[in-house]
1. Using the crude model of +1 on Lys and Arg Cβ and -1 on Asp and Glu Cβ, and no other charge, please compute the dipole size for the chain relative to its Cα centre, in debye to 20.
2. Sequence gap of 8 or more, or different chains, plus Cα separation below 24 Å: how many lysine pairs satisfy both in the range 129-259?
3. Going toward the positive end of the dipole of the chain, with +1 on Lys and Arg Cβ and -1 on Asp and Glu Cβ, which of Tyr258, Val113, Gly26 do you reach last?
4. Would you calculate, for the chain, the mean residue ellipticity at 222 nm contributed by helices, counting each DSSP H stretch of 4 or more residues as -39,500 (n - 2.57) and dividing by all residues, to the nearest 500?
5. Mind jotting down a quarter of the surface of the convex hull over the alpha carbons of the chain, in square nanometres, one decimal?
6. As I understand it, the dipole of the chain uses +1 on the Cβ of Lys and Arg and -1 on the Cβ of Asp and Glu, about the Cα centre. Which of Ala54, Ile154, Leu39 lies farthest toward its positive end?
7. Which one of Leu134, Leu255, Leu65 has the biggest mean-square fluctuation once the chain is modelled by GNM with Cα springs under 10 Å?
8. Which residue, Val124, Thr204, Ile95, has the largest displacement toward the positive end of the dipole of the range 83-233 when charges sit on each Cβ (Lys, Arg +1; Asp, Glu -1)?
Amino acid sequence: MNAESVPLSLSVKSLNHTPIGIFDSGIGGLPIAQKVRELLPSEDIIYVADTAFAPYGEKSEAEILQRAIQVVEFLLSKNVKAIVVACNTATMVAIKTLRERYDVPFIGVEPGVKPAAIHTKTGVIGVLATEKTLSSHAFDALAKRVAGNVQMEIQPSPKLVHLVENLQLDFDQAHKAVREYVEPLMIKGADTIILGCTHFAHLTPVIEQVAGSPVTVISTELAVAKEVQRRLDLEKLLCVATLPAMNRFYTSGDLDLYRKQIAHLWQDVETVGIYQF
Ligand code: DGL
């Protein structure tokens, strides 16, 4: 929905005060939501973790699109003014169709191939992502467009999504799986590693420790949050209300686990409501 399609009874002013919707297959989009919260402190946020259907990376494209549609319809029923697809897999597979189908600004997330290609000194970049992202047409097109001059090594990393969902985030719990995925990239000469799955941002310290200091790890949370700000500004949808804004978290999965995840990962748990989707 944009300002033009709002019913007369709902003014542009009140649309500015409606929430931003953010979703992922699970808690992978939380670092993006956190950056949106920091950058736009007046904005209400509704975050959906589609946990009952995670991991998206192991689903068919038709299933991912169907889940994305379900979540988007839920968010639209909550009157959101913009939707952040805080999932590389869903962005690669579904965002084009979502944009064609719904009249609301969509902001997606894609692996940071362009900054990595600019940054690398060895000319070799590595991408950690889901199997589905790495095999998608959209990723292939992105790589051809922006990484034509570098060698790109890809590494599907399914175990990392499971570790994150289970809050196994510290070095002792995660280093074995991280090493399994990071070492092959380094052996091939990668000096720049892209976190091409939003879940992996939760493991940044472990990935950096395993890769060591000559390697730069690239993730996109801040860039996505800035894009959300830019789009809302462009569409004249920024909220100018006073603090505090609210944060509502929904899951299609287990509510007790979700409460634990949010308590562990969200900085300001005082302002949070947690619900079943
Ligand atoms: N967090 C998601 C991504 O950025 C996908 C994880 C999954 O559900 O497989 O691709």
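FYI, it's all coordinate maths here, none of it is from the lab. Quantities reported herein were computed from a predicted structural model and do not represent experimental measurements. Here the Cβ positions follow ideal geometry from the backbone for every residue, glycine too, while neighbour counts run over all protein chains shown.
1. The calculated dipole for the chain is roughly 520 debye.
2. Total qualifying Lys-Lys pairs in the range 129-259 comes to 9.
3. Farthest towards the positive pole: Val113.
4. Taking each H run of at least 4 residues, the total per residue is -13500 deg cm²/dmol.
5. 14.0 nm²
6. Leu39
7. Highest fluctuation of the listed residues: Leu255.
8. Ile95
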